[in-house]
Amino acid sequence: MIQLYRISKYYEGVPALREVSFRVNKGEFVFITGPSGAGKTTLLKILFCAELADEGQVIIQGINAFRLTSSNIPYLRRNIGFVFQDYKLLPHKTIFDNIALALKVVGTPYGEIERRVYQVLKKVGMEEKRHLIPPKLSGGEQQKIAVARALVNEPQILLADEPTGNLDPESGKDVFRLFKDINMKGTTVLVATHDWETVRKMQRRIITMAQGRVTDDGSQSPQHTLTTGPLPADLGITTRRPFDTKP
Amino acid sequence: MKGYRLFYFIAEAFRGLRANSIVNLLAVGTISMAMLIVGFFLLVFFNVQNAMNSLGDQLEMSVYLKDGLTNHEKDYLFSRLKAEAGVRKATYLSKAEALTLFKKELKGQETLIQGLGENPLPDSFEISIDHRYANSQRLETLVKKIAAYPGIEDVSYGKQGVEILTGFLKLLMYGGTALAVLLGVSIVFIISNSVRLALYSRGQEIELMQWIGATRHFIQGPFLIEGMMLAMLGSALAIGVLAALFYLLPQEVILFLSRPNGLDFLPPAVITYIIMGGGVLGLIGGFISVNKFLD
């Protein structure tokens, strides 16, 4: 599902990631932890093609991210849900419209939008609040809406960057419970967080980072590591667009 | 493009127009001023051209014949002239008929020609010109061609008047084109600025759309339509103001300015072109801003 091979990223010569390699299989739930500045957000941005790595290879769903043209990136993103720490909800739009936007951009017919938004709101237990605007909701509720928006296109991968960073412990637990449910249904989940307590309780694979390096991979096994051997010229990688979401 | 996507673009464009209503109103006002100037020039141009056409219908040319031509030679010249492109009608005027006409024109002052003895006027053909030939260049070519016929002494027409009108029409055309280009660039600039403001006010939404997989075209669409609508509204307003000014103009002014058939307003096809042209300029302005913003 996701393969990183010796990824390095520099900002004005300062390394943010150094030779990061790992593999995430389909349906896995992975925590990426580490202190601030460890490179967690940079790593997620690279996986989301918001940043380009300076060295190494990134393969997402069989696609070599380096070979993606800018016009193809939106199609990759439609298969990856992203949950932000600051929710990134549009304050002047209703909850319904915030989620519907994710369907509109992929060209979902109007008739189907209503059904799918209601379905996903039900999944996160927020269907009653669909007519409200985000500022009327608590932080936890807003994050649930952000999760609903990330899920509405039924992505195969869900990335979350410090999703509970702005939430109280109880709301944080709700959000993680949601991630767990989503993962149970087959979605691959990668969560960058420094909420150690939750991470330990969830008992999932933990990749620990510090100063841009992977210092520990909780479930390091041959099937997860990609740290040895020469740089693969082509790991059966394709640049064709295998996504079925283009309208 | 799927229907619902176009519907989404239009709905979003209207939302954008409403959201920045004051800025957009200012833009529409400024565009309408620019388009008003373009429209005014076109109005003058069309009326001068109409006047030229009317004058062209009345324009006559005198082809003077050399003395001593036989009837057979005159008949040959007559048929050649009638077949000439640009000649609508030709009539023969003998020197005797010409003198009679001349005397009529001198009514009361016949004494001026009493001492001449022999009739000094030549035989001639009076030619009516097709209005499409009513410009100095084409007329001059026609004159040269006819003057080269055997047996032709001279050819004359109201050269000075035609030259003045043709020059004025050229001045209007070139000046108007230069002005239209200049104003077109200004319109693109105005639209580009209005759309840029709309883009900044919706920057958060655009960023989010990029994160959730919106293509460049999907983001561009509403802003292009917004730019197009702004320019079309401005152009339509300009036409409206021009029409109001035209039809509210006092009759005395119209009579003073008008040619024999009166003044005409812009033809519907030209009005359509002005509004569509405005739309294209709006599209260009919107395209420039959106591309700069997304790059």
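The table below gives the values:
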{"read-out": "Anchor B:Lys292: lysines whose Cα lies under 19 Å away (excluding residues fewer than 8 positions away in-chain)", "value": "none"}
{"read-out": "Proxy reagent accessibility, fewest Cβ within 10 Å first, across B:Ser79, B:Ser54", "value": "B:Ser79, B:Ser54"}
{"read-out": "Whole-Å distance, taken between Cα centres, linking region A:22-57 and region B:82-106", "value": "97"}
{"read-out": "Most mobile listed residue (B:Gly285, B:Gly161, B:Gly29) in chain B, GNM with C-alpha springs under 10 Å", "value": "B:Gly161"}
{"read-out": "P(r) histogram, all alpha-carbon pairs of chain B included - 5 Å bins from 0, percent", "value": "1, 5, 9, 11, 10, 9, 8, 7, 6, 6, 6, 5, 4, 4, 3, 3, 2, 1, 0, 0, 0"}
{"read-out": "Separation in nanometres of the label points that stand 7 Å from Cα toward Cβ, at A:Glu128 and A:Glu19", "value": "5.5"}
{"read-out": "Residue of A:Glu19, A:Glu112, A:Glu28 that the Gaussian network model of chain A assigns the largest fluctuation, springs spanning Cα pairs under 10 Å", "value": "A:Glu112"}
{"read-out": "Set of region A:41-70 residues, backbone N closer than 14 Å to the point 7 Å along the Cα-Cβ line of A:Ser8", "value": "A:53-57"}
{"read-out": "Farthest toward positive dipole pole in chain A [+1 Lys/Arg, -1 Asp/Glu at C-beta], among A:Ile73, A:Gly218, A:Val14", "value": "A:Ile73"}
{"read-out": "Rounded tilt (10° steps) of B:3-19 against the dominant C-alpha axis of chain B", "value": "90"}
{"read-out": "Rounded to the nearest 20 debye, dipole of chain A from Cβ charges on Lys, Arg, Asp, Glu", "value": "580"}
{"read-out": "Rounded FRET efficiency, nearest 0.05, which uses the C-beta distance separating B:Ala11 from B:Ile37 and R0 of 30 Å", "value": "0.35"}
{"read-out": "Gaussian network model of chain B, springs between alpha carbon atoms under 10 Å - residue of B:Ala178, B:Ala34, B:Ala134 with greatest fluctuation", "value": "B:Ala178"}
{"read-out": "Reduced Cα scattering model of the protein assembly as shown, Debye log10 I(q)/I(0), q = 0.05, 0.06, 0.08, 0.13 Å⁻¹", "value": "-0.43, -0.53, -0.70, -1.22"}
{"read-out": "Three-way shape call for region A:103-198 based on the alpha-carbon gyration tensor, with the a/c threshold at 1.5", "value": "oblate"}
{"read-out": "Euclidean distance between Cα centres, region A:109-137 to region B:126-181, Å", "value": "74"}
{"read-out": "Estimated dipole of region B:60-157 in Debye, rounded to 20 [Cβ of Lys and Arg +1, of Asp and Glu -1, Cα centre]", "value": "360"}
{"read-out": "Which of A:Asp54, B:Asp295, B:Asp123 has the fewest Cβ neighbours within 10 Å, and the rest in rising order", "value": "B:Asp295, A:Asp54, B:Asp123"}
{"read-out": "0 to 90° range, to nearest 10: angle between helix B:159-201 axis and chain B longest Cα axis", "value": "0"}
{"read-out": "Cα pair distances of region B:211-254 binned at 10 Å [whole percent]", "value": "23, 26, 19, 15, 10, 5, 2"}
{"read-out": "Cα-based reach from A:Lys180 at 26 Å (exclusive), listing lysines while leaving out same-chain residues under 8 positions away", "value": "A:Lys26, A:Lys40, A:Lys45, A:Lys88, A:Lys122, A:Lys123, A:Lys129, A:Lys144, A:Lys201"}
{"read-out": "Inter-label distance, nm, simple model (7 Å from Cα along the C-beta direction), B:Thr141/B:Val185", "value": "3.4"}
{"read-out": "Counted charge near B:Phe78, where neighbours are those whose Cβ lies closer than 13 Å (Asp, Glu -1; Lys, Arg +1)", "value": "-1"}
{"read-out": "Cα lying deepest toward the dipole's positive end in the protein assembly as shown, options A:Gln143, B:Ile187, B:Leu266, charges on Cβ", "value": "A:Gln143"}
{"read-out": "Dipole moment magnitude, nearest 20 debye, the protein assembly as shown about Cα centre, only Lys, Arg, Asp, Glu C-beta charged", "value": "2040"}
{"read-out": "Inter-site label distance for B:Lys89 and B:Thr111 at 7 Å from Cα along Cβ, in nm", "value": "3.7"}
{"read-out": "Nearest-ten-degree value, helix B:21-58 long axis tilted from longest Cα axis of chain B", "value": "10"}
{"read-out": "Dimensionless Rg over Rh [region B:60-157; C-alpha; Kirkwood]", "value": "1.01"}
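Any read-out appearing in this document is the output of simple, stated calculations on the displayed coordinates, not a laboratory observation. Just so it is clear, the structure is predicted and the values come from calculations on it, not from any experiment. Positions of Cβ are generated from backbone atoms using ideal geometry, with glycine treated the same way; all protein chains shown enter the neighbour counts.
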